[in-house]
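Report on the structure given below.
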Amino acid sequence: MTMQTSTAGAAATSAGTGAGAALRIAGLVKDYGPVHAVRGIDLEVRRGEVFGFLGPNGAGKTTTIRCVLDLLRPTAGSIEVLGLDPHADGVAVRSRVAYVPGELRLPERLTGAELVASIGRLRGGHDPRRRDELAARLDLDLGRRMRDLSSGNRRKVALLLAFLARADLLVLDEPTNGLDPLMQHEFLRLVREARDEGTTVFLSSHVLSEVQRAADRVAVLRAGRIVALGTVDDLRGRARQRVEVWFADDPPASELAGVSGLDDMTIDDHRLTAVLSGPIQPLLAVLARHRVASLLVEEPDLEETFLDLYAEAS
Ligand code: ATP
């Protein structure tokens, strides 16, 4: 089974506690033979934040995570987890990190309760009330064997183990795969609660909406490189807005063509439609010289921004 769990108590005794980043990645490169999966990533995740790691399939998210957890050796670069070297201090790192991989391998013959108990024994026990509370919230029957569970229920088992661990750092790879919308909602509540208790959450996903709802900051990965990094609002600031202007007279086509950031222009009688990226001031400066009957600027769609970012970097 590929899952590490931790005891919160271990945090106090390990080196590297206190201030600093939860995760530091510098110049990370990972090649699989001729495949350049990660092409130079620099990233710092602050303690106590929910950090979204967004990117399409094949962008290099899982490879990055596997390097962070020392499940893969990087081709180049350095990594620090909770102030520790994940290779040299592997035992200490694993005791403080809970990891839910995208592809779960669970011991098929065990029931949920047996699995929770065996992992509990490895890390010196768990709180049975917390276990039962998590099972109830995730609507999970711990009496069933792994082999009899649907993929959604297997995912719930893995999430229960991760949240039960009360780790300092939760690393979740595509965590809501197979969960229905109600459970996705409950999962996001658990993430926010963990954050409020001081846990750092690294949330890898190709689903923008879940990251948007949970993350304090987001990195967008494309083809092994980070193409955007910031808060969800920062991403929104980079978004393209749809603009519609109704002029009282004929639209000033040549002046509008010179406005920076204004693309996909269509002029239909007195009406202009276009897409604006960047600041609106240059457009307003042109409009101010003409009689404008009405102006509409639509709130940017983050989904589109996200797709734009993917496209920009391709
Ligand atoms: P997904 O969500 O599909 O897993 P991802 O963003 O996690 O995507 P990775 O799984 O890290 O991406 O894959 C990055 C690139 O490396 C892809 O081109 C993938 O095909 C390739 N790759 C991943 N694992 C291996 C491997 N063991 N051998 C060769 N190539 C690999």
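For the range 54-82, which residues satisfy the criterion of being of a type in the set (Asp, Glu) and either surrounded by 20 or more Cβ atoms within 10 Å (Cβ to Cβ) or under 13 Å from the mean Cα position of the chain (by Cα) (or both)?
Within the range 54-82, just 80 meets the criteria.
Which condition from (1) within 16 Å of the ligand (Cβ to nearest atom); (2) open to solvent by 30 Å² or more (accessible area, probe 1.4 Å) is the one that residue 279 breaks?
Looking at each condition in turn, residue 279 falls short on (1).
Kindly evaluate residue 287 against the criterion of being touching a strand residue (DSSP E or B) at 6+ places or on another chain (Cβ under 8 Å), more than 30 Å from residue 225 (Cβ to Cβ), open to solvent by less than 60 Å² (accessible area, probe 1.4 Å) and modelled with pLDDT of 80 or more.
Yes; evaluated as a whole, the condition is true for this residue.
Would you be able to say whether some residue in the range 141-150 is crowded, with 19+ Cβ neighbours inside 10 Å, within 28 Å of residue 46 (Cβ to Cβ), touching a residue at least 12 places away in the same chain (Cβ under 8 Å) and not charged (D, E, K, R)?
no
What is the residue count in the range 237-248 for residues that are modelled with pLDDT of 95 or more and either open to solvent by 40 Å² or more (accessible area, probe 1.4 Å) or touching a Lys or Arg at 6+ places or on another chain (Cβ under 6 Å) (or both)?
2
For a quick check of your reading of the model, give me the residue pairs whose first member lies in the range 104-127 and is among the charged types (D, E, K, R), whose second is open to solvent by 30 Å² or more (accessible area, probe 1.4 Å) and in a loop (DSSP other than H, G, I, E, B), with beta-carbon atoms closer than 9 Å and at least 6 apart or on different chains.
105/1; 105/2; 114/107; 123/7; 127/166
Output the residue which, of all residues in the range 217-231 that are touching a Leu at 6+ places or on another chain (Cβ under 9 Å) and not aliphatic (A, V, I, L, M), is farthest from the ligand (Cβ to nearest atom).
217
Go through (1) more than 16 Å from the ligand (Cβ to nearest atom); (2) open to solvent by 40 Å² or more (accessible area, probe 1.4 Å); (3) at pLDDT below 95 for residue 46 and report which single condition fails.
Only one criterion in (1) more than 16 Å from the ligand (Cβ to nearest atom); (2) open to solvent by 40 Å² or more (accessible area, probe 1.4 Å); (3) at pLDDT below 95 is unmet by residue 46, namely (3).
Can you name the residue in the range 88-138 that is part of a loop (DSSP other than H, G, I, E, B), touching a strand residue (DSSP E or B) at 6+ places or on another chain (Cβ under 9 Å) and open to solvent by 50 Å² or more (accessible area, probe 1.4 Å) and, of all such residues, is farthest from residue 176 (Cα to Cα)?
89
Can you name the condition, by its number, that residue 81 falls short on among (1) within 13 Å of the ligand (Cβ to nearest atom); (2) in contact (Cβ under 8 Å) with a residue 60 or more places away in the chain?
(1)
Which pairs have Cβ atoms under 7 Å, sit 6 or more apart or on different chains, and link a residue in the range 52-63 that is near the ligand (Cβ under 6 Å from one of its atoms) to one that is open to solvent by less than 20 Å² (accessible area, probe 1.4 Å) and basic (Lys, Arg)?
55/61
Just to be sure, is residue 230 of a type in the set (Gly, Ala, Ser) and closer than 22 Å to residue 123 by Cα?
No; evaluated as a whole, the condition is false for this residue.
When the range 199-215 is examined, which residues are found to be away from the ligand (no atom under 16 Å from the Cβ) and at pLDDT 95 or above?
199, 200, 201
Identify, from the list 256, 235, the residue that is away from the ligand (no atom under 16 Å from the Cβ), more than 37 Å from the chain's Cα centre (by Cα) and assigned to a helix (DSSP H, G or I).
One residue alone meets the criteria, 256.
Condition check: open to solvent by less than 50 Å² (accessible area, probe 1.4 Å) and not hydrophobic (A, V, I, L, M, F, W, C). Does residue 255 satisfy that?
The answer is no for residue 255.
Among the residues of the range 20-43, which ones are within 12 Å of the ligand (Cβ to nearest atom), of a type in the set (A, V, I, L, M) and surrounded by 18 or more Cβ atoms within 10 Å (Cβ to Cβ)?
28, 37, 38, 41, listed by residue number.
The values are calculated or read from the model by the stated rules, or taken from the named source; none is laboratory data. Keep in mind that what you see is a predicted model, and the values were worked out from it rather than measured. Note: ideal-geometry Cβ built from the backbone for every residue, glycine included; neighbour counts use all protein chains shown. These area figures cover heavy atoms from the full protein model, side chains too; ligands, DNA and RNA do not enter into them. Shrake-Rupley method; radii C 1.70, N 1.55, O 1.52, S 1.80 Å.
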